[in-house]
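The values are calculated or read from the model by the stated rules, or taken from the named source; none is laboratory data. Treat the numbers as computed from the prediction; the structure is a model and nothing was measured. Positions of Cβ are backbone-derived with ideal geometry, glycine not excepted, and every protein chain shown enters the neighbour counts.
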Amino acid sequence: MENEDRQSWKPTETPLVEPSREVKGTVLQVLFRILIHRWAEVLMVVVLNAAMRVWVQYFSWEILLGEKSALNRLSDTGGFFLGMGTMAYVIVTQMLLLGFLASVVHEPTRRQEPTTLLLAGRYFFWRWIRFLILSEAILVAGMVICFTWLNAALLHAKSFQEGPLWAKFLAYFLPALILTKLILMIPAEMIVRNRMVVDSLRSIRNYSLWQIRTLVLFYLAWQGVVALMGGWMPTTGDGDEWSYGIWLGQGVWIAIGQFFILLWAVLEVRVNQRPQPATISMETTEGRGE
């Protein structure tokens, strides 16, 4: 009977985004129960995503080294399989994350198998990628514009790395502050209400950040920490060396970020007690290619 319950929210069967049972308590109480009952899944998602982000950054840095890169010692076949393996790892980790968030909407405290999370996460994968591309592009553009303006008006530094810490902090923090509503609400809106990115952008106009003020405070505090780390920590080691401190620092703040993603999803569910039903079937998944 328990196995049947665990599989009841698969995309091929019943509505995925319509909660089947209400979990009472405050947002933090619900989150605490999830961490207690599903600690293994939380640990898996956080560790895999943190490791993936650090590995992708290291992989990108090696590519930028050119002739000095350790990748040059690989054969063409080895390089091909390394690239394909990295791509597969990224896809799997993102699907696990999305599947976990979808299961939090439907059965917050019930443990799920990794394969079940992958099947659920597959449905949301491409809209999630679109959101990541959109948000990262806006954040990077905002950071460049902010630092360029500060540099032209006050700093006159030759590069970003030569700028003072406070300028780096503002360059990281201000774009994140401007995009608070978009970053906080669109991911959960896509999963809870089963909407595309454009539809989610339209729908969040009906919400007020005052409704989720506690989460906004947590988000701004976290972005402040990220901004300080981004301004203080070098992007690479001394020349050709990759600092282990950067590995550790990146892994820690990314792990914290995964915790906040979980908190955002739980809070969005609590704010939207009665999400609009959106039945997910294999037919819709294949037909829309989403």
| said: Residue pairs, Cβ under 8 Å, 6 or more apart or interchain, first in segment 27-43 and in a helix (DSSP H, G or I), second crowded, with 20+ Cβ neighbours inside 10 Å and at pLDDT 85 or above. List them. | reply: E41/F100; E41/Q112; E41/L117; V42/F100
| Out of (1) closer than 20 Å to W55 by Cα; (2) of a type in the set (V, I, T); (3) out of contact with any Phe, Trp or Tyr (no Cβ under 9 Å at 6 or more places or on another chain), the odd one out for T86 is which? | (3)
| query | exposed (fewer than 15 other Cβ atoms within 10 Å of the Cβ), part of a helix (DSSP H, G or I) and modelled with pLDDT of 90 or more, is that true of A137? | reply | yes
| Residues of segment 37-58 being over 20 Å from M95 (Cβ atoms) and among the hydrophobic types (A, V, I, L, M, F, W, C), which ones? | W39
| task | List the helices (runs of 4 or more DSSP H) that sit entirely inside segment 150-215 and contain at least 1 residues that are touching a Gly at 6+ places or on another chain (Cβ under 8 Å) and in contact (Cβ under 8 Å) with a residue 40 or more places away in the chain. | result | 165-178
| field | Residues located in segment 102-121, provided they are within 15 Å of the chain's Cα centre (by Cα) and either under 14 Å from L48 (Cβ atoms) or surrounded by fewer than 20 Cβ atoms within 10 Å (Cβ to Cβ) (or both) | value | G121
